[in-house]
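All remarks here apply to the structure that follows.
The values are calculated or read from the model by the stated rules, or taken from the named source; none is laboratory data. Not measured: the values here are computed from a predicted model. Cβ placement follows ideal geometry from the backbone for every residue including glycine, while neighbour counts extend to all protein chains displayed. Ligands, DNA and RNA are stripped out before the accessible areas are found, and what is left, the full protein with its side chains, is counted by its heavy atoms. Shrake-Rupley method; radii C 1.70, N 1.55, O 1.52, S 1.80 Å.
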Amino acid sequence: MKLTIFAATGGIGRQALEQAVSAGHDVTAVVRNPNKLSREVRIVAADLAAPDPAVLESAVAGADAVLSGLGQRLKSDAGIAADGTRSIVKAMKATGVRRIVVVSAAPLGTVPSPDRPTPPKSDPGDGFFMRNLFSPLIKAALKKLYADLALMEDVVHDSGLDWTIVRPPRLTDKPRTGRYRTAYGQNLRGGVFISRADVADLMLRVLKQPETIKQVIGIAY
Ligand SMILES: NC(=O)c1ccc[n+]([C@@H]2O[C@H](COP(=O)([O-])OP(=O)(O)OC[C@H]3O[C@@H](n4cnc5c(N)ncnc54)[C@H](OP(=O)(O)O)[C@@H]3O)[C@@H](O)[C@H]2O)c1
């Protein structure tokens with residue numbers, strides 16, 4: 001496949017890039033700092049905080065799918081998940097590219113957004129402690145980050161594209177196993193960790209699974 005990977009210098013993005021190249025895909029990596037990439041792939045430099053639409057269009061044109069591991073790395077990246085994804089979606093629509101897979105986070109099922117101002121109070125996949133203790137604590141600590149991801153999810157939902165949103169719990173840098181649980185529209189009971197490599201594994205896997213289109217997918221060990 002011809003794939004365009006946004007944020008290919010990030011934890012998940014780098015894994016997606018490695019796995020996609022190893023699998024023989026034709027990859028374009030869109031990054032804000034090309035010096036951080038060592039792989040010999042087509043590289044497009046773009047800061048998604050202030051992107052040139054023509055550059056993004058050239059990066060996605062002709063792609064079978066777009067993968068994004070975009071997220072806030074620095075304080076100055078606040079709001080980048082929604083804003084950057086909005087620009088990616090715009091470029092895809094302008095060039096007729098339809099398939100997109102993005103990364104959100106496990107607590108997002110219960111975070112309000114403009115499209116979903118009163119989400120369910122708890123995620124059906126969360127157990128007692130996650131529901132009543134950990135999830136409220138994490139959501140309070142990462143309120144701004146999750147507000148950005150909630151807006152990003154709205155952008156993706158409303159895009160009219162063939163989207164999949166992956167919602168991982170706590171990320172680790174452990175190796176890819178290819179063995180993890182997934183669930184549509186909810187988290188996994190007792191699933192607290194997943195490696196960035198396995199999130200990337202799922203992002204590539206869903207490209208061969210049309211049933212994952214317009215689905216939010218929980219993932220965990
Ligand atoms: N940490 C966790 O446990 C956890 C759990 C669940 C979900 N998540 C979410 O998962 C997502 C990905 O996680 P990760 O660990 O792979 O993130 P990461 O390593 O911080 O990567 C973020 C990527 O976004 C890029 N980026 C940020 N601002 C940009 C901009 N203005 N223009 C272009 N690129 C930009 C970064 O580029 P640079 O390399 O140039 O900085 C980097 O490639 C994040 O949204 C995060 O919130 C995290």
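Cross-link pairs exceeding 29 Å in C-alpha to C-alpha distance, out of Lys121/Lys208; Lys2/Lys144; Lys143/Lys174; Lys2/Lys36; Lys36/Lys139; Lys90/Lys143, comprise Lys121/Lys208; Lys2/Lys144; Lys36/Lys139. Calculated [222 nm] ellipticity per residue, helices only, for the chain: -9500 deg cm²/dmol; basis is -39500 (n - 2.57) per DSSP H run with n ≥ 4, divided by all residues, nearest 500. Assuming charge only on the beta carbon of Lys and Arg (+1) and of Asp and Glu (-1), the dipole of the chain about its Cα centre is about 540 debye to the nearest 20. The three principal axes of the C-alpha atoms in segment 1-63 carry coordinate ranges of 31, 24, 17 Å, sorted with the longest axis first. Note that segment 64-143 presents 52 Å² accessible area per residue, ligands and nucleic acids not counted, probe 1.4 Å.
Were the residues from Asn132 through Thr172 laid out at 0.36 nm apart, the gain over their Cα-Cα distance would be 12.0 nm.
Between Leu142 and Phe193, the FRET efficiency from the beta-carbon distance, with R0 = 22 Å, is close to 0.85. In the complete set of protein chains, residue-level accessible area for Phe129 is approximately 130 Å², probe 1.4 angstrom.
According to the Kirkwood relation over distinct C-alpha pairs, the hydrodynamic radius of segment 1-119 is 14.7 Å. Computed in the context of the full set of protein chains, the accessible area of the chain at 1.4 Å probe radius has 55% of its extent on carbon or sulfur.
How far is the Cα center of segment 37-74 from the Cα center of segment 82-131, in Å? Between the Cα centre of segment 37-74 and that of segment 82-131, the gap is 20 Å. What Kirkwood radius, in Å to one decimal, follows from the Cα pairs of the chain? Computed over Cα pairs of the chain, the Kirkwood hydrodynamic radius comes out at 17.3 Å.
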